[in-house]
Amino acid sequence: MSDAMSSIFGRLGWDALPFWSMLHDHSPMTVINGVIATGAAGMVVLGALAAIVVVTWLGKWKYLWSEWFTSPDHKKIGIMFIVIALVMLARAIIEAVFMRAQQAVGLDGGFLTAEHFGELFTTHGTIMVFFMAMPFLTGIINYVMPLQIGARDLSFPVLNQVSLGLTAAGAALVMISLVLAPFSIGGWTGYPPFTELSYNPGAGVDYWIWAVTLSTLSSTLTGINFAVTIFKKRAPGMTLFRMPLFTWTALCTAILMIFGMPPLTVATGLLALDRYLDFHMFTTDLGGNMMNYVNLFWAFGHPEVYILILPPFGIFSEVFATFSGKRIYGYRILVIATMCIAVLSFTVWLHHFFTMGQSAHINAAFGIATMLIGIPTGVKVYDWMLTMYRGRIRLSVPMVYAIGFIMLFVLGGMTGIILATPSVDYQVHNSLFLVAHFHNMLIPGLLFGMLSATNFWFPKAFGFRLEERWGYRAAFCWIIGFMLAFFPLYVLGLMGMPRRSVAYFEPQYLPWMITAGIGALVILCALLCLLIQLWVSIRDRHANNVFAGDPWDGRTLEWAVSAPPPEYNFPVLPEIYSIDAFMTEKDRGQGWQAPDRYEDIDMPANSALGVVVAVTGLAMTFGLVWYMWWLVIGAGLLTLVAVIARGFVRQTTRTISASEVQRTHEHWLEQVRRTTPIKRSQEQSTANHGLPVPPIEGAVQ
């Protein structure tokens, strides 16, 4: 009987349940950790069940299937990427609060076991990088970039669905690890030999391997899609040096994805071969070399840092220009700086392991390269400040995030230059100083950028503005909470506190850890403010309607269409004659026009391939984690059949008639004519329905 069960369930047993250990071990520490793990698992299960019940009760399954899950529309796919990111952000922040709470009481041993603490910092890092940051920036680029370049969609809409499916499968696998067995305790970097089978034989490392592999495959495909779209689908007249800066950063990010993601896919694949087929790529015996893994990981890891930071640079460029009422200062210099950062990002990976024994000459070369990359970044900061200089600045919520970013990111950059000195890095590399620096770059840089983008482009995506008061509260909680949570870590690092410490024995650490714990609670308040902001905004959506489409007096093409835009984006493809194309047209009094003639528009037809890949990808990797080989083979065959079947589909497009396009566009223009234009001082009031005061009489035609 046991053999039959093993052939079905593999190594999955009752001991994978989060409460199993406390049923057999009644010690206080085991019970506390079992209750925490069981509560987290219960939240996941109840959340999933609640979502299913609500959708069923509302009768929306058919709507979700036809309008969202199988839609190839880049805008809807972008929104779904962002939804995944926000769900995973909530989990990662809660885990961070638990870690900070543990360290705040860690002088007396705390309440978390070392293994549970290891799972928390591994899942927190893995989620924040692969399942929060990457889906968030991918979703923003997905939504905005085709609109900015005057395209109807990405070059490969179905591939875009597949990318979403792979990310969703990886995120689901990470969430399942809360319910069935613990996640890896090997850190988000997964360094062998600790993650090799002989040291870590459980399912946790396998969860990490396959979740990360799904994410990297998704990002590689996405990078190809973005790059081809930008190169091939720009509107007539949009030369490279007429593209908006956000599109430039999207292009450089796409190239980094194409060349930066495969090394990690290779690394996780080779680690899987070690664990599943007894290869010895990274073992401590039989010819294995763990440093090969470290080089592969950081050959991905440092380009990844700039994959995460370049899109926010583009976002802040748009925000500073829009809310300063000026063209961005030094456009060409900013473009060149972006390209320099993208190139230099491939030359600095070794500074992540200055302490691992290579020669002083190699360390010096990579230290110099690391310092050099600060130059184009500094150029960007000065250009943003010069954009604000003598501008008509409006301190909107996106602008608050942007100004907070400049102040905090510069401080983080200064600590990066300090760490670029190998001798200094050798002293603080394994301390909390490094943790503070890393978060000082990614939270003000990446997360503030994504939240700024959400507040900036949300009206375009959904047709109503986000509520401002709760937006300000969230922004200030993020800024203050970040400083309280991570500035003390610089001090603790210089005092000698190692990173990844579940407990400590130095009483002088305690006040700083309590301060950091308070900061984590403020960040949790920021998350709650975001949820309240969303709820209040949906409640008051009719009062804050911006259907006219231009609530911020925007400068680029995405503001030239309705909010939300039609599926095809533009009734006719626009012709571009300058940078800030839409602002140029508004200045000429030609911002809102009807084309001379309308034509039929071919758009990609719905496809279920992305959903199939999500389901089979999750099933296959879950089977690999638990050695359910029948599930692996079955899911693999279903994936192959689905891909082959897609090749036989002949009806890959559907036509939107010229009459429907004309009716939709003229309805929007009529609404624009009926909308009362508002001054910039009225942007945050209910008078703002998406139409700024025309600079020239007769701009609305």
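Yes or no: residue 365 open to solvent by 20 Å² or more (accessible area, probe 1.4 Å) and of a type in the set (Gly, Ala, Ser)?
Answer is yes for this residue.
Cβ contacts < 7 Å: first residue free of Cβ contacts under 8 Å to residues at least 60 places away in the same chain, restricted to segment 105-120; second residue open to solvent by less than 40 Å² (accessible area, probe 1.4 Å), any location; separation 6+ or different chain. Result?
Note: pairs meeting the criteria are 120/95; 120/99.
How many residues, within segment 293-309, are under 14 Å from residue 259 (Cβ atoms), of a type in the set (A, V, I, L, M) and open to solvent by less than 10 Å² (accessible area, probe 1.4 Å)?
1
Would you check if residue 350 is open to solvent by less than 20 Å² (accessible area, probe 1.4 Å), in contact (Cβ under 8 Å) with a residue 12 or more places away in the chain and touching an Asp or Glu at 6+ places or on another chain (Cβ under 6 Å)?
No: the conditions fail for residue 350.
Could you check segment 17-105 for helices (runs of 4 or more DSSP H) lying wholly inside it with 2 or more residues that are open to solvent by less than 30 Å² (accessible area, probe 1.4 Å)?
Helices (runs of 4 or more DSSP H) meeting the threshold: 28-58, 74-104.
If a residue has to be open to solvent by 70 Å² or more (accessible area, probe 1.4 Å), within 28 Å of the chain's Cα centre (by Cα) and of a type in the set (A, V, I, L, M, F, W, C) to count, how many in segment 368-392 make the cut?
4
For residue 663, are the conditions met, namely being modelled with pLDDT of 95 or more and either out of contact with any Leu (no Cβ under 9 Å at 6 or more places or on another chain) or more than 28 Å from residue 77 (Cα to Cα) (or both)?
yes
From the list 528, 466, which one is buried (at least 18 other Cβ atoms within 10 Å of the Cβ) and either of a type in the set (Val, Ile, Thr) or modelled with pLDDT of 95 or more (or both)?
Selected residue: 466, the only one of 528, 466 that is buried (at least 18 other Cβ atoms within 10 Å of the Cβ) and either of a type in the set (Val, Ile, Thr) or modelled with pLDDT of 95 or more (or both).
What are the pairs, 6+ residues apart or on separate chains, where a residue within segment 604-632 that is part of a strand (DSSP E or B) has its Cβ under 8 Å from a residue that is open to solvent by 30 Å² or more (accessible area, probe 1.4 Å)?
604/652; 604/653; 604/654
If you go through segment 200-207 one residue at a time, do you hit one that is assigned to a helix (DSSP H, G or I), hydrophobic (A, V, I, L, M, F, W, C) and either open to solvent by 20 Å² or more (accessible area, probe 1.4 Å) or without any contact (Cβ under 8 Å) to a residue 40 or more places away in the chain (or both)?
no
Might you let me know whether segment 617-627 holds any residue that is farther than 23 Å from residue 218 by Cα and open to solvent by 30 Å² or more (accessible area, probe 1.4 Å)?
yes
Looking at 313, 323, 279, can you tell me which residue is of a type in the set (Phe, Trp, Tyr) and either open to solvent by 30 Å² or more (accessible area, probe 1.4 Å) or farther than 25 Å from residue 149 by Cβ (or both)?
279
Considering only segment 215-244, state which residues are aliphatic (A, V, I, L, M), open to solvent by 10 Å² or more (accessible area, probe 1.4 Å) and touching a Ser or Thr at 6+ places or on another chain (Cβ under 7 Å).
If the condition is that a residue be aliphatic (A, V, I, L, M), open to solvent by 10 Å² or more (accessible area, probe 1.4 Å) and touching a Ser or Thr at 6+ places or on another chain (Cβ under 7 Å), then 217, 221, 228 are the ones that fit.
Here is a check on your reading of the model: is residue 165 open to solvent by less than 10 Å² (accessible area, probe 1.4 Å) and either of a type in the set (A, V, I, L, M, F, W, C) or outside any loop (DSSP other than H, G, I, E, B) (or both)?
yes
Could you tell me whether segment 570-593 includes any residue that is of a type in the set (D, E, K, R) and closer than 30 Å to residue 207 by Cα?
no
In contact with a Gly (Cβ under 7 Å, 6 or more places away or on another chain) and part of a helix (DSSP H, G or I) - does that describe any residue in segment 645-662?
no
Yes/no per residue for (1) outside any loop (DSSP other than H, G, I, E, B); (2) modelled with pLDDT of 95 or more; (3) touching a Lys or Arg at 6+ places or on another chain (Cβ under 6 Å); (4) not polar (S, T, N, Q):
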{"residue": "107", "(1), (2), (3), (4)": "yes, no, no, yes"}
{"residue": "122", "(1), (2), (3), (4)": "yes, yes, no, no"}
{"residue": "138", "(1), (2), (3), (4)": "yes, yes, no, no"}
{"residue": "151", "(1), (2), (3), (4)": "no, yes, yes, yes"}
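Here are the criteria: (1) outside any helix (DSSP H, G or I); (2) surrounded by fewer than 19 Cβ atoms within 10 Å (Cβ to Cβ); (3) among the aromatic types (Phe, Trp, Tyr). Tell me which single one residue 329 does not satisfy.
Going through (1) outside any helix (DSSP H, G or I); (2) surrounded by fewer than 19 Cβ atoms within 10 Å (Cβ to Cβ); (3) among the aromatic types (Phe, Trp, Tyr) one by one, residue 329 breaks only (2).
Could you go through segment 85-98 and let me know if any residue there is in contact with a Pro (Cβ under 9 Å, 6 or more places away or on another chain) and farther than 30 Å from residue 568 by Cβ.
Yes.
Filter segment 144-162 for residues that are open to solvent by 10 Å² or more (accessible area, probe 1.4 Å) and either farther than 29 Å from residue 619 by Cα or touching a Pro at 6+ places or on another chain (Cβ under 7 Å) (or both) and give the result.
Hits for segment 144-162 are 152, 157, 158.
How many residues are open to solvent by 10 Å² or more (accessible area, probe 1.4 Å) and touching a Cys at 6+ places or on another chain (Cβ under 9 Å) when one looks only at segment 477-512?
Qualifying residue count for the region: 1.
The values are calculated or read from the model by the stated rules, or taken from the named source; none is laboratory data. The structure displayed is predicted, hence computed values, not measured ones. We place every Cβ from the backbone using ideal geometry, glycine too, and count neighbours over all the protein chains shown. The accessibility values were calculated without ligands, DNA or RNA, using every heavy atom of the protein model including side chains. Shrake-Rupley method; radii C 1.70, N 1.55, O 1.52, S 1.80 Å.
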